[in-house]
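The values are calculated or read from the model by the stated rules, or taken from the named source; none is laboratory data. What you are looking at is a predicted structure, and each value in this text was computed from that prediction instead of being measured. Here the Cβ positions follow ideal geometry from the backbone for every residue, glycine too, while neighbour counts run over all protein chains shown. Only protein heavy atoms, including side chains, enter the accessible area calculation; ligands, DNA and RNA are left aside. Shrake-Rupley method; radii C 1.70, N 1.55, O 1.52, S 1.80 Å.
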Amino acid sequence: MRKNYYYTFGSTATDLQIIVDLLQDKLDLLFEPHESSYFGNYYKYSGLYADSIIIKSNFNTAENDWTDEGLKEYTTLIDVSNIHGRNADKLSKSTYLIRAFRNMSDITLLKEKIIEEV
């Protein structure tokens with residue numbers, strides 16, 4: 001059975017660059033800036049530690065809407081997904097990032113979803 005791992009972390013940092021710099025400094029992750037009409041400006045990493053890490057604002061000023069209205073106290077959201085490869089490898093990468101993020105101030109695990117495909 002194939003498993004896909006999804007996590008959402010939050011931060012009260014109002015500037016995305018603060019979180020980008022923190023993760024680049026602590027974990028040596030390289031984020032690329034992107035722009036989307038849905039997310040606005042955001043940063044994305046894809047590599048050894050995750051299939052995708054996206055750092056985005058929780059409030060989209062262009063749409064005047066919350067990305068996740070239930071998490072308004074977190075101005076920055078960090079979405080992590082591990083969906084490619086062996087289950088054991090995806091779990092190992094996810095576990096590593098959860099531990100690493102927990103050791104950083106102002107980053108909180110908010111949601112965890114593991115989807116099993118038959």
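Once fully extended, how much extra length lies between Leu30 and Thr75, figured as 0.36 nm per residue of separation less the alpha-carbon to alpha-carbon distance?
14.0 nm
Considering only protein heavy atoms and a probe of 1.4 Å, how much of the accessible area of the chain is carbon and sulfur, as a whole percent?
Accessible surface attributable to carbon and sulfur in the chain totals 47 percent.
To test your reading of the geometry: what angle, between 0 and 90 degrees and rounded to tens, separates the Cα axis of helix 16-27 from the longest principal axis of the chain?
30 degrees
For Ala13, which sequence-distant residues (separation of 5 or more, or a different chain) have an amide H within less than 5 Å of its own amide H, given hydrogens modelled in the peptide plane?
Residues meeting the criterion, in which the H sits 1.01 Å from N, are Thr75, Thr76.
Could you work out the relative contact order of the chain? I mean the mean sequence separation of Cα pairs under 8 Å and 6+ apart, divided by the number of residues, in percent.
Dividing the mean separation by the residue count of the chain yields 40 percent.
Round to the nearest 10 and give me the degree value, 0 to 90, for the angle of helix 87-102's Cα axis relative to the longest principal axis of the chain.
40 degrees
Go through segment 1-38 and name the chymotrypsin sites (Phe, Trp or Tyr not before Pro) that are in a DSSP coil and have 12 or fewer other Cβ atoms within 10 Å of their Cβ.
Sparse-neighbourhood loop chymotrypsin sites (Phe, Trp or Tyr not before Pro): Tyr38.
Just check segment 78-118 against the gyration tensor rule for me: Cα atoms, a ≥ b ≥ c as the square roots of the eigenvalues, rounded for a/c under 1.5, and otherwise prolate or oblate depending on whether a/b exceeds b/c.
prolate
Considering only lysines 8 or more places apart in sequence, or on different chains, count the pairs in the chain whose C-alpha atoms sit under 24 Å apart.
27
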